[in-house]
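Participant: This is the structure I have questions about; it appears just below.
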Amino acid sequence: MSDFHLHITSTLGLLLGACLAAGVFADLLRLPKVTAFLLVGLLVGPNALDLIPADHVDRFEPILEFAMAIVLFNLGCDFTFSRVKRVAGHCLAISFFEIFLTCALVTAGLRVFGYSGGTALLLGCLAIATAPATTILVLKEFRSEGPVTESTGFLVAMNNFACIVLFEFAFLAVHLLQDKLDVPLGEQVGVVLMDIAGSITFGLLGGLVVSYGCGLLRMTRWLVLLVATTTFLLGVCDSLEIPYMVTFLVMGVTVANTSDMKGKIVDELDHLTGLLAVVFFAVHGTHLDIRAFVSAGMIGVIYIVLRMTGKWVGVYTAARVTRQPLEVRHWLGSCLFAQAGAAIALSSIAAARDPELGVPIQDIILGSVVIFEIIGPLFIRQSLLRTGEVPLAQAINHSSRTPREQVRELAYRFRSGLSLSGLDRSGSSDETNGDLTGIGGRKIFVRDLLRKTKGIHQSADFDAVISHIENSNDNTYPVVDDRMRVVGVIRYPLLSNVMFDDSVTQLVRAEDLVSASDAMLHPDEPASRAFELFEAETDDCIPVVTREEPHELQGVVRRSDVMHTLINRRRKSK
């Protein structure tokens, strides 16, 4: 036994088991599970308790790349051309200014604090990157929907693409100024452009293969096709040393615009994404090194502060100039703080190409990533809750059964299996439809399921109504007057006659499309009341208004959120 060595499969099991326990504590402490998984990796990894051999961590690298590829593919699948056109209309200015200010602020700030122009410029380019896996998976965990969520996905994609392109050209510029170019500048620029073009080409081809194959094959074989295409392209990108992140983002965009089964393809991948996310963040956490942050010293702290300031101020300023909603102005920037994959990969490339220039950059990135990856998900969660794009009940899912009750349940099931107890016993949890409970059996209220919305003003013209519908995932839309009182609802199925009559759409206003609705909820009512109303209603959401006059609209409660909460409660009580 003295020469016992932990096998890599046991290492994987240890990580998954630890993450399972961490997920339970994350629920209790109201933390994003991503943060819990990262902390588990940091704790059991070589840089803390050293329960996992360092060579095992390195051998998980292909899994990390595969997980990142899947996340980027999922992100790309959200960008149909019609959606890109709509989102780009209000996000391009924000993206441009956020990228510019972040890069400029970090570059100028580090230059002031004594770093060379080349090092400061490269760190400024790396500061643009936002961790796609961390950000997107937190959004998925909380099932958030709304303008901040939608804009975050777009900005994450733009940030990483801009980071890769700007970093490559900045590296060439630095070497040119330092007279370190081994080949002519034109040839070097050509190589960079060819790499980017190659990434885009492989993404297009991979997307066409997936779209064609999923249209031809049975659904039971889709997952094999997706994994085969992803792993093959990942290997090709690694062999040719081209940026694979661009490839899989483009691959997702291609599928979104060439397949009418995009939603089913994403759903099929979701069976794999959950497990990959656990492995990705747990293993990623083992790479985090608190000592790297300490060794980065004050310059690391300065980089962190400048980067966060650049992103928040950049988004806020551009959103204010373009007259974006207050939620976007105040909370979109804080959804972009997480940083990991792209920045680490590019800093490693810099260190390999030019150790004298790249090693200090790599030290700062590795040190700051420890902070960004831990606080990033916390800021995203807070932003989503403040904007009302995720119901509070979705962020707080707890089992109503205690550990002691679960032990008794196991004993009862075991005795029943041995036929030692033929007694019929009622379950420990209440199975009535309306009894929605949270932590410790606490009842869930309407305010916990609330999704904020300002509704449609009754004087809005038809184009404004359509714009609201395009930005909504509902089929029922509350209409309000000047005092935010609900005057009725617009139901999407009833708009079909109006939408195709151009002569009518020029004259119609929101108040002309209103249907009466007596179903209203108050924030302090139990969620069971919402369930009762949905049983009698066909609408997919019900307005929530204040009890006090003038009964102002607070938001809506969705049928899907009520059912999701009920199903989760039942699963956890069994």
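Conditions (1) out of contact with any Cys (no Cβ under 8 Å at 6 or more places or on another chain); (2) modelled with pLDDT of 90 or more; (3) surrounded by fewer than 16 Cβ atoms within 10 Å (Cβ to Cβ); (4) in the same structural domain as Met219 (by TED's automatic domain parsing), marked per residue:
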{"site": "Tyr244", "(1), (2), (3), (4)": "no, no, no, yes"}
{"site": "Asp270", "(1), (2), (3), (4)": "yes, no, yes, yes"}
{"site": "Ala277", "(1), (2), (3), (4)": "yes, no, no, yes"}
{"site": "Lys311", "(1), (2), (3), (4)": "yes, yes, no, yes"}
{"site": "Gln324", "(1), (2), (3), (4)": "yes, no, no, yes"}
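Participant: Among the residues in the stretch 153-162, are any touching an Asp or Glu at 6+ places or on another chain (Cβ under 6 Å) and either assigned to a helix (DSSP H, G or I) or closer than 18 Å to Leu75 by Cβ (or both)?
Facilitator: Within the stretch 153-162, the subset touching an Asp or Glu at 6+ places or on another chain (Cβ under 6 Å) is 153.
Checking the rest, the ones that are also either assigned to a helix (DSSP H, G or I) or closer than 18 Å to Leu75 by Cβ (or both) come to 153.
Within the stretch 153-162, one or more residues are touching an Asp or Glu at 6+ places or on another chain (Cβ under 6 Å) and either assigned to a helix (DSSP H, G or I) or closer than 18 Å to Leu75 by Cβ (or both).
Participant: Take the residues in the stretch 75-85 that are assigned to a helix (DSSP H, G or I) and in contact with a helix residue (DSSP H, G or I) (Cβ under 6 Å, 6 or more places away or on another chain); name whichever of them is surrounded by the fewest Cβ atoms within 10 Å (Cβ to Cβ).
Facilitator: Of all residues in the stretch 75-85, those assigned to a helix (DSSP H, G or I) come to 75-76, 81-85.
Of the ones still in play, those that are also in contact with a helix residue (DSSP H, G or I) (Cβ under 6 Å, 6 or more places away or on another chain) are 75-76, 81.
On the way: Leu75: 23, Gly76: 23, Phe81: 10.
Top of the filtered list is Phe81.
Participant: Looking at the stretch 91-135, which of its residues are under 17 Å from Leu155 (Cβ atoms) and either not in a helix (DSSP H, G or I) or not assigned by TED's automatic domain parsing to the domain that holds Val315 (or both)?
Facilitator: Ile128, Ala129, Thr130, Ala131
Participant: While we're here: Tell me, yes or no, whether the stretch 23-43 has at least one residue that is touching an Asp or Glu at 6+ places or on another chain (Cβ under 9 Å), outside any helix (DSSP H, G or I) and of a type outside the set (A, V, I, L, M).
Facilitator: Yes, the stretch 23-43 contains a residue that is touching an Asp or Glu at 6+ places or on another chain (Cβ under 9 Å), outside any helix (DSSP H, G or I) and of a type outside the set (A, V, I, L, M).
Participant: Hey, another quick one. So, Val71, is that one out of contact with any Asp or Glu (no Cβ under 7 Å at 6 or more places or on another chain) and either closer than 27 Å to Leu378 by Cβ or part of a helix (DSSP H, G or I) (or both) or not? Quick ask: steps written out before the conclusion?
Facilitator: Numbers: out of contact with any Asp or Glu (no Cβ under 7 Å at 6 or more places or on another chain): yes; either closer than 27 Å to Leu378 by Cβ or part of a helix (DSSP H, G or I) (or both): yes.
In short, yes.
Participant: Being among the charged types (D, E, K, R), modelled with pLDDT under 90, buried (at least 20 other Cβ atoms within 10 Å of the Cβ) and on the phi < 0 side of the Ramachandran plot is true for just one of Glu65, Glu145. Which residue is that? Step through it out loud before you land on a result.
Facilitator: Working: Glu145 fails: buried (at least 20 other Cβ atoms within 10 Å of the Cβ).
Only one candidate passes the filter, namely Glu65.
Participant: Inside the stretch 247-268, can you point out the residues that are at pLDDT 85 or above and acidic (Asp, Glu)?
Facilitator: Asp260
Participant: Take the residues in the stretch 348-406 that are of a type in the set (Lys, Arg) and at pLDDT 85 or above, then tell me which one is farthest from Val556 (Cα to Cα).
Facilitator: Start the filter on the stretch 348-406 by keeping residues that are of a type in the set (Lys, Arg), which leaves 353, 381, 386, 401, 404.
Subsequent filtering for residues that are at pLDDT 85 or above retains 381, 386.
Working: Arg381: 20, Arg386: 15 Å.
My answer is Arg381.
Participant: Any chance you could count how many residues in the stretch 456-472 are in a loop (DSSP other than H, G, I, E, B) and closer than 21 Å to Val148 by Cβ? First the steps, then the outcome.
Facilitator: Kept after step one, since they are in a loop (DSSP other than H, G, I, E, B), are these residues of the stretch 456-472: 458-460, 471-472.
In the following step, the residues that additionally are closer than 21 Å to Val148 by Cβ were identified as 471-472.
Qualifying residue count for the region: 2.
Participant: Name the residues in the stretch 499-515 that are exposed (fewer than 15 other Cβ atoms within 10 Å of the Cβ) and at pLDDT below 85, would you? First the steps, then the outcome.
Facilitator: Narrowing the stretch 499-515 to residues exposed (fewer than 15 other Cβ atoms within 10 Å of the Cβ): 499-504, 506-507, 512, 515.
Across the stretch 499-515, the qualifying residues are Met499, Phe500, Asp501, Asp502, Ser503, Val504, Gln506, Leu507, Asp512.
Participant: Would you confirm whether or not the stretch 310-323 contains a residue that is among the basic types (Lys, Arg) and over 27 Å from Thr387 (Cβ atoms)?
Facilitator: To start, the set of residues in the stretch 310-323 that are among the basic types (Lys, Arg) comprises 311, 320, 323.
Restricting the remaining residues to those that are over 27 Å from Thr387 (Cβ atoms) gives none.
No, the stretch 310-323 has no match at all.
Participant: Let me ask another. Has the stretch 40-54 got at least one residue that is under 26 Å from Val148 (Cβ atoms), at pLDDT 85 or above, buried (at least 23 other Cβ atoms within 10 Å of the Cβ) and touching a helix residue (DSSP H, G or I) at 6+ places or on another chain (Cβ under 9 Å)?
Facilitator: At the first step, the residues of the stretch 40-54 found to be under 26 Å from Val148 (Cβ atoms) are none.
Within the stretch 40-54, not a single residue is under 26 Å from Val148 (Cβ atoms), at pLDDT 85 or above, buried (at least 23 other Cβ atoms within 10 Å of the Cβ) and touching a helix residue (DSSP H, G or I) at 6+ places or on another chain (Cβ under 9 Å).
Participant: Something else about it: Between Phe171, Phe232, which is in a helix (DSSP H, G or I) and more than 30 Å from Leu121 (Cβ to Cβ)? Lay out the reasoning, then the answer.
Facilitator: Details: Phe171 fails: more than 30 Å from Leu121 (Cβ to Cβ).
Among Phe171, Phe232, only Phe232 is in a helix (DSSP H, G or I) and more than 30 Å from Leu121 (Cβ to Cβ).
Participant: Does the stretch 132-170 hold any residues that are under 26 Å from Ser348 (Cβ atoms) and touching a Lys or Arg at 6+ places or on another chain (Cβ under 7 Å), and which are they?
Facilitator: Correct list: Val138 only.
Participant: Would you check if there is a residue in the stretch 82-89 being closer than 26 Å to Thr229 by Cα and among the basic types (Lys, Arg)?
Facilitator: yes
Participant: Looking at (1) surrounded by fewer than 24 Cβ atoms within 10 Å (Cβ to Cβ); (2) at pLDDT 85 or above, which is the only condition Val294 fails?
Facilitator: Checking Val294 against (1) surrounded by fewer than 24 Cβ atoms within 10 Å (Cβ to Cβ); (2) at pLDDT 85 or above, the one that fails is (2).
Participant: Residues of the stretch 260-307 being farther than 25 Å from Glu141 by Cβ and among the hydroxyl-bearing types (Ser, Thr, Tyr), which ones?
Facilitator: Correct list: Ser295, Tyr303.
Participant: Whether any residue in the stretch 534-542 is part of a helix (DSSP H, G or I), modelled with pLDDT of 85 or more, assigned by TED's automatic domain parsing to the domain that holds Met563 and touching a helix residue (DSSP H, G or I) at 6+ places or on another chain (Cβ under 9 Å) is what I want to check.
Facilitator: Yes; the residues of the stretch 534-542 include at least one that is part of a helix (DSSP H, G or I), modelled with pLDDT of 85 or more, assigned by TED's automatic domain parsing to the domain that holds Met563 and touching a helix residue (DSSP H, G or I) at 6+ places or on another chain (Cβ under 9 Å).
Participant: Right, another one. Restrict the check to the stretch 97-111 and report whether at least one residue is surrounded by fewer than 22 Cβ atoms within 10 Å (Cβ to Cβ), within 15 Å of Phe281 (Cβ to Cβ), in contact with a Gly (Cβ under 9 Å, 6 or more places away or on another chain) and not hydroxyl-bearing (Ser, Thr, Tyr).
Facilitator: For the stretch 97-111, residues surrounded by fewer than 22 Cβ atoms within 10 Å (Cβ to Cβ), within 15 Å of Phe281 (Cβ to Cβ), in contact with a Gly (Cβ under 9 Å, 6 or more places away or on another chain) and not hydroxyl-bearing (Ser, Thr, Tyr): absent.
Participant: With the checklist (1) assigned to a helix (DSSP H, G or I); (2) over 23 Å from Phe100 (Cα atoms) in hand, flag the one item Ile242 doesn't pass.
Facilitator: Checking Ile242 against (1) assigned to a helix (DSSP H, G or I); (2) over 23 Å from Phe100 (Cα atoms), the one that fails is (1).
Participant: Next question. If you go through the stretch 315-351, how many residues are assigned to a helix (DSSP H, G or I) and farther than 14 Å from Ala129 by Cα? Spell out the reasoning first.
Facilitator: Taking the stretch 315-351 and keeping what is assigned to a helix (DSSP H, G or I), we get 315-321, 326-331, 333-336, 341-351.
Remaining after also requiring farther than 14 Å from Ala129 by Cα: 315-321, 326-331, 348-351.
So the count comes out to 17.
The values are calculated or read from the model by the stated rules, or taken from the named source; none is laboratory data. Bear in mind that the values here come from a model prediction, so they are computed numbers and not experimental data. A quick note on method: Cβ atoms are made from the backbone with ideal geometry, for glycine too, and the neighbour counts reach across all protein chains shown.
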